[in-house]
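Here the structure comes first, spelled out in structure tokens, and everything after it is commentary.
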Amino acid sequence: GNEATGLDKIFKNLWKGQLDQLESGLSLAKRVEENMRTYKSVHWPNEKEFREKLTTRPLYGSRVTKFLLTRYDESLKGESPSDNPNIEHVLPQTINGKDCWKKDFNKNDHKEYKDRIGNLTLITKEFNSSKKVSNACYSDKREAYINQSMWEITRKIGLDSESWTKKEIVQRSKT
């Protein structure tokens with residue numbers, strides 16, 4: 001992905017002149033965007049590029065992932081439990097010994113899809129350590145998601161998807 005290298009210098013200079021530009025009528029966000037676009041070393045993705053990267057790039061382990069998932073849960077009018085959520089892989093990080101996953105995901109597919117935003121959801125620490133989710137088959141996870149999850153984002157997966165394949169991951173990545 002695009003790295004933040006060199007952005008510290010840009011951000012130091014970013015606010016210079018913003019007061020002078022208030023009369024332009026442009027929003028602060030638009031003025032900042034225009035300022036950022038003047039730097040040739042900064043790649044500012046267009047909407048299509050942004051959506052493509054968001055839906056296809058591995059996001060597990062990224063600091064923004066939990067933020068995106070919690071905000072999505074809030075948009076669903078979820079309960080937003082107060083504890084710090086864990087990120088759950090619907091398609092588990094490891095599928096060794098699980099034929100239920102191997103029928104839809106070969107080794108390459110697993111590597112490509114497991115860390116995408118569409119395969120990630122929120123669960124509590126206690127729920128994450130239970131045998132009901134972990135590396136379980138989707139049919140078991142689905143039942144647990146629907147009946148035991150405190151997070152609307154996770155209940156929605158179980159309610160909306162009877163199976164969990166590449167198709168569901170791609171579709172969920174786009175929502």
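The values are calculated or read from the model by the stated rules, or taken from the named source; none is laboratory data. Keep in mind it's a predicted model, so treat the numbers as computed, not measured. FYI the Cβ positions are ideal-geometry reconstructions off the backbone, even for glycines, and counts take in every protein chain you see. Please note that ligands, DNA and RNA were not included when accessible areas were found on the heavy atoms of the full protein model with its side chains. Shrake-Rupley method; radii C 1.70, N 1.55, O 1.52, S 1.80 Å.
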**Q.** Pairs where the first residue, in the stretch 80-92, is within 13 Å of THR70 (Cβ to Cβ) and the second is open to solvent by 20 Å² or more (accessible area, probe 1.4 Å) and acidic (Asp, Glu), C-beta under 7 Å, 6+ apart
**A.** SER80/GLU74
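Only one residue in ARG51, ARG155, ARG116 is modelled with pLDDT under 90, within 18 Å of ILE169 (Cβ to Cβ) and among the charged types (D, E, K, R). Which one?
Working: ARG155 fails: modelled with pLDDT under 90; ARG116 fails: modelled with pLDDT under 90.
Selected residue: ARG51, the only one of ARG51, ARG155, ARG116 that is modelled with pLDDT under 90, within 18 Å of ILE169 (Cβ to Cβ) and among the charged types (D, E, K, R).
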Q) So is ASN147 polar (S, T, N, Q) and farther than 23 Å from PRO58 by Cα or not? A) yes
Q: Go through the stretch 39-62 and give me each residue that's of a type in the set (Gly, Ala, Ser) and either in a helix (DSSP H, G or I) or surrounded by 14 or more Cβ atoms within 10 Å (Cβ to Cβ) (or both).
A: SER62
Q) Consider SER139 against the criteria (1) farther than 15 Å from TYR72 by Cβ; (2) in contact with a Ser or Thr (Cβ under 7 Å, 6 or more places away or on another chain); (3) open to solvent by 60 Å² or more (accessible area, probe 1.4 Å): it satisfies all of them except one. Which criterion is unmet? A) (2)
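Every residue, every condition in (1) in contact with an Asp or Glu (Cβ under 6 Å, 6 or more places away or on another chain); (2) surrounded by 14 or more Cβ atoms within 10 Å (Cβ to Cβ), yes or no:
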position	(1), (2)
VAL90	no, yes
GLN93	no, no
ASP99	no, no
ASP115	no, yes
ILE123	yes, yes
LYS131	no, no
GLU143	no, no
Q.
Can you say whether ASP109 is closer than 24 Å to LYS53 by Cβ and under 16 Å from the mean Cα position of the chain (by Cα), as far as the supplied structure shows?
A. no
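Of the residues ASN128, ASN108, ASN147, ASN35, which single one is of a type in the set (S, T, N, Q) and either part of a strand (DSSP E or B) or in contact (Cβ under 8 Å) with a residue 24 or more places away in the chain (or both)?
Working: ASN108 fails: either part of a strand (DSSP E or B) or in contact (Cβ under 8 Å) with a residue 24 or more places away in the chain (or both); ASN147 fails: either part of a strand (DSSP E or B) or in contact (Cβ under 8 Å) with a residue 24 or more places away in the chain (or both); ASN35 fails: either part of a strand (DSSP E or B) or in contact (Cβ under 8 Å) with a residue 24 or more places away in the chain (or both).
Just one listed residue meets the conditions, ASN128.
Would you say GLU152 is in contact with a Leu (Cβ under 9 Å, 6 or more places away or on another chain) and over 20 Å from CYS100 (Cβ atoms)? Lay out the reasoning, then the answer.
Numbers: in contact with a Leu (Cβ under 9 Å, 6 or more places away or on another chain): yes; over 20 Å from CYS100 (Cβ atoms): yes.
Yes.
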(Q) Need the failing condition index for THR65 against (1) at pLDDT 90 or above; (2) open to solvent by 70 Å² or more (accessible area, probe 1.4 Å); (3) among the polar types (S, T, N, Q), just the number. (A) (2)
Q. Counting just the residues of the stretch 71-88 that are open to solvent by 50 Å² or more (accessible area, probe 1.4 Å) and not charged (D, E, K, R), which one comes out farthest from THR124 (Cα to Cα)?
A. SER75
